[in-house]
1. Filter the stretch 170-187 down to the residues that are surrounded by 16 or more Cβ atoms within 10 Å (Cβ to Cβ) and closer than 20 Å to Q111 by Cβ, then identify the one that is nearest to the chain's Cα centre (by Cα).
2. Taking the criterion of being at pLDDT below 95, within 16 Å of the ligand (Cβ to nearest atom), small (G, A, S) and more than 30 Å from P4 (Cα to Cα), would at least one residue in the stretch 209-226 satisfy it?
3. Going residue by residue through the stretch 100-107, is there one that turns out to be in contact with a Lys or Arg (Cβ under 9 Å, 6 or more places away or on another chain), in a helix (DSSP H, G or I) and modelled with pLDDT under 95?
4. Across the stretch 287-298, what is the total count of residues that are of a type outside the set (K, R), exposed (fewer than 13 other Cβ atoms within 10 Å of the Cβ) and out of contact with any helix residue (DSSP H, G or I) (no Cβ under 8 Å at 6 or more places or on another chain)?
5. Within the stretch 131-148, which residues are in a helix (DSSP H, G or I) and of a type outside the set (G, A, S)?
6. Quick check: is even one residue across the stretch 52-74 of a type in the set (K, R) and assigned to a loop (DSSP other than H, G, I, E, B)?
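The values are calculated or read from the model by the stated rules, or taken from the named source; none is laboratory data. Note that the coordinates shown come from a computational prediction; the quantities given were computed from them, not determined experimentally. Counting neighbours? That spans all protein chains shown, and the Cβs are built from the backbone with ideal geometry, glycine included.
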Amino acid sequence: MTKPIIVSGMQPTGNLHIGNYLGALKNWVDLQNSGQYQLYLFVADLHSLTLTMTPETRRENVRLLAAEYIAAGIDPAKTTVFVQSHVPEHSELAWIFNCVTPVSELERMTQFKDKAAREDKNINAGLLTYPILQAADILLYHGTLVPVGQDQVQHLELTRDIARWFNNKFGDYFPTIKPLLTKIPKVMSLLEPAKKMSKSKGAGHIIALADEPEIIINKLKKAVTASAGGGQAPGVENLLSLLQQFGATETHQKFIKAEQAGTIRYGDLKQELAAAIAHYFADFRQKRQDLLANPKKLEKILMAGAQQAGVVARATMSEVKKIVGIR
Ligand code: AMP
């Protein structure tokens, strides 16, 4: 029996933080280890071309992200790990999808509106057509399940629509995809706990998976715990929820009780949390360092991944080309 196919990826924008880990990467590792799915995980370098980044940084970030996927537990023996641009069929299928997608549907996407507002000096056409490439990423492998957070649901609906528009025009070919909505904790910024943790705000707002123990404690020491208007402060809530994710159950319980009794000491909470995070990612840091120190090994893994993905991608494109009449 063939397993349901899951396709996902992240853009290479630098070191991953604990929000990326709890919101995406950990979930991928769990899905992989459940043994119930076939996963295709890519480094979305083509998507990153929509962002402003130097070529050197982009090249470096691609290697870095691949190393971080693997260091965090993605096993190339179980999961096809590759770089998006190494499989040129992603772009090829995206072009065909461009030609079945109404512009008005793209202009509706809230993420486009947000990004266009943020990158107002670089509103390139790629920012608009990005969800089309995303549809190609998924449908190229006949993916049916896509693990996402709520913010990506609109794009997935578009992927489903694109498959439908294609099927209506050319006959039934692409499957209907479903979002695999997991209960994903939203990790908040250390310095502005009302907002999502995001590296665009600056290094002090995030804890990177690669941060050394002394960096983690220094960042946590500066984390905001004060409440602006009474009630539980969002910063404290965030720290407690991180302790629940990364620490021992008893430690988490101890601080929850202290919080309720009003005897909690934030300095102690930060110390415990720093130790828990540093310990949780000790193995990750070592593996990441080993992979980055051994570029040949990493390259070999990514080449093998692209080869595996390429077999499926070429078969899909060969069928699609016949269906649309260019072969
Ligand atoms: P980004 O680079 O912001 O597109 O994030 C890559 C992945 O990490 C996406 O699946 C996001 O939903 C997830 N993610 C990013 N930041 C957070 C956060 N603060 N909390 C939870 N998930 C996050």
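1. I184
2. Within the stretch 209-226, not a single residue is at pLDDT below 95, within 16 Å of the ligand (Cβ to nearest atom), small (G, A, S) and more than 30 Å from P4 (Cα to Cα).
3. Checking the stretch 100-107: at least one residue is in contact with a Lys or Arg (Cβ under 9 Å, 6 or more places away or on another chain), in a helix (DSSP H, G or I) and modelled with pLDDT under 95.
4. Selection size over the stretch 287-298: 2.
5. Result: P131, I132, L133, Q134, D137, I138, L139.
6. no
Residue by residue, here is whether (1) modelled with pLDDT of 90 or more; (2) assigned to a loop (DSSP other than H, G, I, E, B); (3) hydrophobic (A, V, I, L, M, F, W, C) holds:
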residue	(1), (2), (3)
H155	no, no, no
R160	yes, no, no
N168	yes, no, no
D172	yes, yes, no
L180	no, no, yes
I184	no, yes, yes
P193	yes, yes, no
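Okay, residues lined up against (1) of a type in the set (G, A, S); (2) surrounded by fewer than 20 Cβ atoms within 10 Å (Cβ to Cβ); (3) assigned by TED's automatic domain parsing to the domain that holds N124; (4) closer than 22 Å to P88 by Cβ:
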{"position": "L16", "(1), (2), (3), (4)": "no, no, yes, no"}
{"position": "G23", "(1), (2), (3), (4)": "yes, no, yes, no"}
{"position": "Q32", "(1), (2), (3), (4)": "no, yes, yes, no"}
{"position": "T54", "(1), (2), (3), (4)": "no, yes, yes, no"}
